[in-house]
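Trainee: Structure in structure tokens, see below.
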Amino acid sequence: MECSFAITGKDYVLVASDTNAARSIIKMKSDEDKTKILSPHLVMTYSGEPGDTVQFAEYVERNIRLQHIRNIHELRPSSSAAWIRRSLADSLRSRHPYAVNLLLGGYDVATDTPKLYWIDYLGTLAEVPFAAHGYGSYFALSLLDRYHNPQASLEEGVETLKRCIAEVQTRLVVNLEKFKVRVVDKDGVREIEL
């Protein structure tokens, strides 16, 4: 029972994921961070099988860091998304595929535009204005479709995100009480409180 959301605005990307770690009917933790900061202007949220998610997220984080060390510049969000998609697609054709769904949000400093990518465990990649993964997506996507404004300020984006979280907390059977929210803009990645 995991849930993650992401929204693009005029000059930012908001990424949020719940903090529960659960298996079947057991809640093991309520402070799990399901996001990874991949570079100064790139953040990823992940969900799926517990072992796969952490292993794949660390693999992506280390390889993007290695690319930065080797080439002295960070990858643009579109290049990072394509490499992550290729890694998932390659693992799908191996004996040990990763069961991981991702939302990749970044700010392209070369073009001054926010970018958001939806990636699923089959290696499907789509650039989207807003996205959701998990059971919460059944409730949140209709709200995002109605209230998303591509020219919204950060405050308006946070209000839309709060609507999605409130709807999930009201309607979903499982109580997802806490969400970790990060924003990516020209100044980099930072965490914000709701």
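The values are calculated or read from the model by the stated rules, or taken from the named source; none is laboratory data. Remember, it's a predicted structure, so these values are computed and weren't measured experimentally. Don't worry about glycine lacking a Cβ; one is built from the backbone with ideal geometry, like all the others, and counts go over all protein chains shown. What goes into the accessible areas is simple: the full protein's heavy atoms, side chains included, and nothing from ligands, DNA or RNA. Shrake-Rupley method; radii C 1.70, N 1.55, O 1.52, S 1.80 Å.
Trainee: From the residues in the stretch 34-64 that are charged (D, E, K, R) and open to solvent by 50 Å² or more (accessible area, probe 1.4 Å), which one is nearest to Asn175 (Cα to Cα)?
Mentor: Here is the first cut: in the stretch 34-64, the residues charged (D, E, K, R) are 34, 36, 49, 52, 58, 61-62.
After this cut, where a residue has to be open to solvent by 50 Å² or more (accessible area, probe 1.4 Å) as well, the list is 49, 58, 62.
On the way: Glu49: 19, Glu58: 28, Arg62: 33 Å.
Only one residue fits best here, namely Glu49.
Trainee: Considering every residue within the stretch 30-38, establish whether at least one is assigned to a loop (DSSP other than H, G, I, E, B) and among the basic types (Lys, Arg).
Mentor: Filtering the stretch 30-38 for residues assigned to a loop (DSSP other than H, G, I, E, B) gives 30-34.
Now restrict to residues that are among the basic types (Lys, Arg): 34.
Taking every residue of the stretch 30-38 in turn, at least one turns out to be assigned to a loop (DSSP other than H, G, I, E, B) and among the basic types (Lys, Arg).
Trainee: Restricting attention to the stretch 145-194, and to residues there that are over 17 Å from the mean Cα position of the chain (by Cα) and of a type in the set (Lys, Arg), which single residue is least open to solvent (accessible area, probe 1.4 Å)?
Mentor: The qualifying residue least open to solvent (accessible area, probe 1.4 Å) is Arg163.
Trainee: Tally the residues that are part of a helix (DSSP H, G or I), within 15 Å of the chain's Cα centre (by Cα) and of a type in the set (S, T, N, Q), restricting the search to the stretch 39-62. Even if it seems obvious, please write down each step before you answer.
Mentor: Let us first name the residues in the stretch 39-62 that are part of a helix (DSSP H, G or I), namely 50-62.
Filter again for within 15 Å of the chain's Cα centre (by Cα), leaving 53-54, 56-58, 60-61.
Among the residues that remain, those that are also of a type in the set (S, T, N, Q) are: 53.
Here the count works out to 1.
Trainee: Taking Ser142 as the residue in question, decide whether it is surrounded by fewer than 22 Cβ atoms within 10 Å (Cβ to Cβ), modelled with pLDDT under 90 and either touching a Gly at 6+ places or on another chain (Cβ under 7 Å) or of a type outside the set (D, E, K, R) (or both). It would help to see each step written out before you state the result.
Mentor: On the way: surrounded by fewer than 22 Cβ atoms within 10 Å (Cβ to Cβ): yes; modelled with pLDDT under 90: no; either touching a Gly at 6+ places or on another chain (Cβ under 7 Å) or of a type outside the set (D, E, K, R) (or both): yes.
Judged against the criteria, Ser142 is not a match.
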